[in-house]
């Protein structure tokens, strides 16, 4: 697995950084995912990204920046506010540091929040044991491998999303969702624990 970069256009509305207390919870879970090998490192970053919805029923989200390393506490400029996504034109409208980019999976996170008003947090990681045993654990899985960071991966996830809180993306990684960041994190840890005893 190799990082292929951001595949959408970005409009940086302003350079203000998110100021939300829940960012500390994202920082915590980024470190846990690193320690538990749920978000492996690659040269220049980590295979994984995390987000939360700013307000129930509204489109704004906070998401980790592309090429963030979870091996150390994330700096303030490692987070973006995403205000809107124009899926038709592959365009993301964001606030954040303009020498960085929002996560390459911003389209996927934003689309899940649109489809599932109950979801308030999404943690995306990559774990060999969860992937290997996803069938035995009855984890809903997308039908085929598709290119990450694109509308193809968005459509493949939405096809199996339903009311599920945990999904495996075929030959890619997992998505853990919850009403809080803690819920999504604990769900991922539970799946890791189950995969270890099969």
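Compute the helix-to-body angle for 181-196: its Cα long axis versus the longest principal axis of the chain, expressed 0 to 90° and rounded to tens.
30
Calculate the spin-label point distance for residue 76 paired with residue 21, positioning each point 7 Å from the Cα along the beta-carbon direction, and give it in nanometres.
It is 1.8 nm.
Can you compute the modelled spin-label distance between residue 147 and residue 115, with each label point 7 Å from Cα toward Cβ, in nm?
Here the modelled spin labels are 2.0 nm apart.
Quick one: compute the contact order of region 57-198, relative version, from alpha carbon pairs under 8 angstrom and 6+ residues apart, as a percent. Numbers along the way, then the final one.
Numbers: 223 pairs, mean separation 30.5, N = 142.
Value for region 57-198: 22 percent.
Against the longest alpha carbon principal axis of the chain, how many degrees, from 0 to 90 and to the nearest 10, is the axis of helix 151-161 turned?
50
Could you tell me, in Å, what Rg and Dmax come out for the Cα atoms of region 36-130?
Using the Cα atoms of region 36-130, the pair Rg, Dmax is 13.3, 37 Å.
Can you tell me the orientation of helix 106-115 relative to the chain, as the angle in degrees between its alpha-carbon axis and the longest Cα principal axis, to the nearest 10?
The angle comes out near 80 degrees.
Could you work out [θ]222 nm for the chain from helices alone, using -39500 (n - 2.57) per DSSP H run of at least four and dividing by all its residues? Round to the nearest 500 deg cm²/dmol.
Helix contribution divided over all residues of the chain: -8500 deg cm²/dmol.
Between residue 35 and residue 55, what FRET efficiency comes out of the Förster formula 1/(1 + (r/R0)^6) with R0 = 30 Å and r the beta carbon distance, rounded to 0.05?
So, using R0 = 30 Å, E works out to roughly 0.45.
I need the Kirkwood Rh of the chain: take the reciprocal of the average 1/r across all distinct C-alpha pairs and report it in angstrom. The partial results should precede the final answer.
Values: mean 1/r = 0.0607 Å⁻¹.
Value: 16.5 Å, from the Cα pair sum.
Suppose each label sits 7 Å from its Cα in the direction of the beta carbon; what would the residue 7-residue 160 distance come out to in nanometres?
Placing both labels 7 Å along Cα→Cβ, they lie 1.8 nm apart.
Per the Kirkwood treatment, what hydrodynamic radius in Å, one decimal, follows for region 81-179 from the mean inverse distance over all distinct Cα pairs?
By the Kirkwood definition, the hydrodynamic radius is 14.2 Å.
Values in this text are rule-based calculations from the coordinates and carry no lab data. For clarity, every value in this text was computed on a predicted model and none was experimentally measured. FYI the Cβ positions are ideal-geometry reconstructions off the backbone, even for glycines, and counts take in every protein chain you see.
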